[in-house]
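Read the figures in this text as sums done on the coordinates, not as results from a lab. Note that the coordinates shown come from a computational prediction; the quantities given were computed from them, not determined experimentally. Methodologically, a virtual Cβ is constructed for each residue, glycine included, from the backbone with ideal geometry; neighbour enumeration extends over all protein chains shown.
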Amino acid sequence: MAYVDHAFSISDEDLMIGTSYTVSNRPPVKEISLAVALLLFGIVGIVSGFFMAYNRVGGDRGHGVFFIVLGCLVFLPGFYYTRIAYYAYKGYTGFSFSNIPSV
């Protein structure tokens, strides 16, 4: 008969008996507010970029194109994380507030 050292073995019973595992699904307010701010600043950047490009602010359309590109770069992560927060709030399957990374 072989000797088995049970001091270092981990089974499912050991994990369930020792601790209680709870998931906190509270909304991360700071991260959601940052995502909404990125979303809004991205929209403002895109709209002002189109306005600047149409009216040739600064003498050419380059300034407007720069603001459009910058607005898109700020808009995309803001939209992505705001969408995750909205779907987690509504309770859609597969979405949770834990999917939003901490700041």
- Applying the Karplus parametrisation 6.51 cos²θ - 1.76 cosθ + 1.60 with θ = phi - 60° to the phi angles of the range 39-49, what ³J(HN,Hα) value in whole Hz is obtained for each residue in order, glycine and proline being reported as x? 4, 5, 5, x, 5, 4, x, 5, 5, 5, x
- Item | Contour minus Cα-Cα distance for Val65 and Arg26 (0.36 nm per residue) | 10.1 nm
- Order by neighbour count: Arg61, Arg26, fewest other Cβ atoms within 10 Å first, most last. Arg26, Arg61
- May I ask you to evaluate 6.51 cos²θ - 1.76 cosθ + 1.60, the Karplus curve with θ = phi - 60°, for each residue of the range 51-62 and list the ³J(HN,Hα) values in order in whole Hz, giving x for glycine and proline? 4, 5, 6, 5, 8, 6, 5, x, x, 8, 8, x
